[in-house]
Amino acid sequence: MLKGVALLPLPILYLLADLLYVLAYYVVGYRRKVVRQNLENAFPEKGAAEIESIAKAFYRQFADVIVEILRMAAMPRAEMQCRVSFTNPELLSGYVAAGTPVLILGSHVGNWEWSLSAAAVSFDFPAEGVYKPLNNLFFENFMLHTRSRLGARLIKMKETLRSFVARRKEPRVVALLSDQTPLKNEITFWTTFLHQDTPFYTGGEKLADRFGYPVLFLDVKRTRRGYYALTFEEITDGRQAPAEKEYPITEAFARKLEAAIRRAPADYLWTHKRWKHHRPEGESRVPSSEPRV
């Protein structure tokens with residue numbers, strides 16, 4: 001049934017998105033309290049009316065992303081290439097052409113699911129993404145099909161290091177969504193992000209340090225409904241020696257992501273409890289003195 005609905009063109013699916021927006025915001029009130037609290041904490045300088053405006057715009061965008069992800073199950077390659085463009089593909093291609101694997105640090109800005117498939121149809125080298133399997137077997141199988149049908153490859157989170165060791169010199173690009181909240185016992189890095197103490201995963205940085213890979217930030221801009229412009233920003237060329245006690249790559253990612261969110265607040269994913277953990281009192285930004293890899 002989902003694959004059948006995915007055959008509908010996006011203009012038709014956007015009618016469904018309009019209905020989803022009304023249901024989620026006005027009828028069900030899906031996580032409205034969480035969204036409002038996140039926005040108020042992230043933008044204390046904005047008044048109640050502006051916060052409400054951003055919240056409504058977010059729910060509209062969120063509904064669009066849902067049907068856009070559904071459309072991926074039947075979207076032709078040509079349509080993906082038309083709807084997602086890379087503004088500076090040479091930055092990525094240059095590294096891969098030289099035989100260097102590249103790490104991409106992405107986020108939940110815009111349509112995070114389209115980005116990997118867009119890379120798969122736009123470049124002639126492997127485009128891979130690290131993912132965490134879903135608990136629901138039906139949706140896990142559906143999303144595996146949806147994410148890989150245009151040529152993208154998927155790496156289970158728990159198999160990431162094994163994949164990098166086995167294919168350490170294979171020219172490819174590997175993307176990680178690096179703005180998710182770590183488990184409390186896995187937190188090794190804190191920074192101030194959108195006015196709040198925020199932990200970040202440091203897995204991308206550890207991989208970059210261990211293997212000497214370049215790291216690029218993926219900046220996603222929604223240019224209009226159903227169209228996105230993706231820009232690569234270099235964080236490191238992989239030649240610098242790893243810092244012993246700081247996390248410069250993760251810190252740079254946080255700053256670039258913060259700028260992207262401030263540019264278009266409604267395009268970020270606000271429904272998750274991103275700030276559910278609290279930095280222990282007196283704990284420094286990098287609390288662990290253990291080896292980073």
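Numerical summary
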read-out: FRET E, pair residue 166, residue 124, Förster distance 25 Å, beta-carbon r, rounded to 0.05; value: 0.70
read-out: Whole-Hz ³J(HN,Hα) from phi, Karplus 6.51 cos²θ - 1.76 cosθ + 1.60, for region 164-178, glycine and proline x; value: 5, 5, 5, 10, 5, 10, 7, x, 6, 10, 10, 9, 10, 7, 9
read-out: Taking the chain and dividing mean pair separation by its residue count, relative contact order in percent (alpha carbons under 8 Å, at least six apart); value: 23 percent
read-out: Residue 136-residue 40 pseudo-label distance in nm [points 7 Å out on the Cα-to-Cβ vector]; value: 3.0 nm
read-out: Region 1-31: chymotrypsin sites (Phe, Trp or Tyr not before Pro) in DSSP coil with no more than 15 other Cβ atoms inside 10 Å; value: 30
read-out: Value of [θ]222 nm, deg cm²/dmol, for the chain, DSSP H segments ≥ 4, -39500 (n - 2.57) each, nearest 500; value: -13000 deg cm²/dmol
read-out: Accessible surface, the chain, averaged per residue in Å² (probe 1.4 Å); value: 49 Å²
read-out: Within the accessible area of the chain (1.4 Å probe), percent carbon and sulfur; value: 55 percent
read-out: Sequence-separation-based contact order of region 1-129, relative, with Cα cut under 8 Å and 6+ spacing, percent; value: 30 percent
read-out: Residue range of the chain that is longest and free of GluC sites (Glu not before Pro) which are both DSSP loop and sparsely packed (at most 16 other C-beta within 10 Å); value: 46-243
read-out: At R0 = 45 Å, FRET efficiency that the Cβ-Cβ distance of residue 183 and residue 225 yields, to 0.05; value: 0.80
read-out: Sites residue 33 and residue 264 - FRET efficiency at Förster radius 22 Å, r taken between beta-carbons, to 0.05; value: 0.45
read-out: Residues in region 115-157 reached by a label modelled at residue 78 [backbone nitrogen below 19 Å; 7 Å Cα→Cβ]; value: 118-123, 150-151
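The values are calculated or read from the model by the stated rules, or taken from the named source; none is laboratory data. A quick note: this is a predicted structure, and the numbers were derived from the prediction, not measured. No Cβ is skipped: glycine too gets one built from the backbone with ideal geometry, and neighbour counts run over all protein chains shown. These area figures cover heavy atoms from the full protein model, side chains too; ligands, DNA and RNA do not enter into them. Shrake-Rupley method; radii C 1.70, N 1.55, O 1.52, S 1.80 Å.
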